[in-house]
């Protein structure tokens, strides 16, 4: 029984670490994204102790142009780019969103 408890504690430790990482990552997006960012949404996994741990998450960004205002669209794209890259370890999806925001910014500058 002691081995099973040790294994469960290891799983709990790993889930708790992942939970912290995911929550910090998504909070960084939301904080920098400000008014253009949704609240974080999480995907959970129940640990052997019955606690739900965040194992994935997302923050949606409003990426639509500001109608009739190219300068505001540029500023919005810059915020979205910073928000996408805000976490300590941006994901591939984060880098993709940042690249798209750079493209939106560039197209408005033309």
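The values are calculated or read from the model by the stated rules, or taken from the named source; none is laboratory data. What you see is a predicted model, and the numbers here were worked out from it, not measured in a lab. Counting neighbours? That spans all protein chains shown, and the Cβs are built from the backbone with ideal geometry, glycine included.
Name the residue, out of 83, 77, that is within 15 Å of residue 35 (Cβ to Cβ) and under 10 Å from the mean Cα position of the chain (by Cα).
83
So is residue 94 assigned to a helix (DSSP H, G or I), surrounded by 13 or more Cβ atoms within 10 Å (Cβ to Cβ), at pLDDT 95 or above and in contact with a helix residue (DSSP H, G or I) (Cβ under 6 Å, 6 or more places away or on another chain) or not?
yes
Kindly indicate whether residue 108 is modelled with pLDDT under 95 and part of a helix (DSSP H, G or I).
In short, yes.
Which pairs turn up if I take residues in segment 65-82 that are touching a residue at least 24 places away in the same chain (Cβ under 8 Å) and on the phi > 0 side of the Ramachandran plot and look for partners that are in a helix (DSSP H, G or I) and surrounded by 15 or more Cβ atoms within 10 Å (Cβ to Cβ) with beta carbon separation below 6 Å, at least 6 apart in sequence or on another chain?
Close Cβ pairs (under 6 Å, with a partner that is in a helix (DSSP H, G or I) and surrounded by 15 or more Cβ atoms within 10 Å (Cβ to Cβ)) do not exist here.
May I ask you to list pairs of residues, at least six apart or on different chains, whose Cβ atoms are under 7 Å apart, with the first in segment 36-53 being farther than 20 Å from residue 81 by Cα and the second being in a loop (DSSP other than H, G, I, E, B)?
53/47
Identify all residues within segment 35-62 that are in a loop (DSSP other than H, G, I, E, B) and touching a helix residue (DSSP H, G or I) at 6+ places or on another chain (Cβ under 6 Å); write none if there are none.
Residues satisfying the conditions are 40, 47, 48, 49, 59, 62.
Please go through (1) free of Cβ contacts under 8 Å to residues at least 12 places away in the same chain; (2) touching a strand residue (DSSP E or B) at 6+ places or on another chain (Cβ under 9 Å); (3) part of a helix (DSSP H, G or I) for residue 19 and return the number of the only condition it doesn't satisfy.
Residue 19 satisfies every listed condition except (1).
What about residue 32, is it surrounded by 17 or more Cβ atoms within 10 Å (Cβ to Cβ), touching a strand residue (DSSP E or B) at 6+ places or on another chain (Cβ under 8 Å), at pLDDT 95 or above and assigned to a helix (DSSP H, G or I)?
Considered against the rule, which asks whether it is surrounded by 17 or more Cβ atoms within 10 Å (Cβ to Cβ), touching a strand residue (DSSP E or B) at 6+ places or on another chain (Cβ under 8 Å), at pLDDT 95 or above and assigned to a helix (DSSP H, G or I), residue 32 comes out as no.
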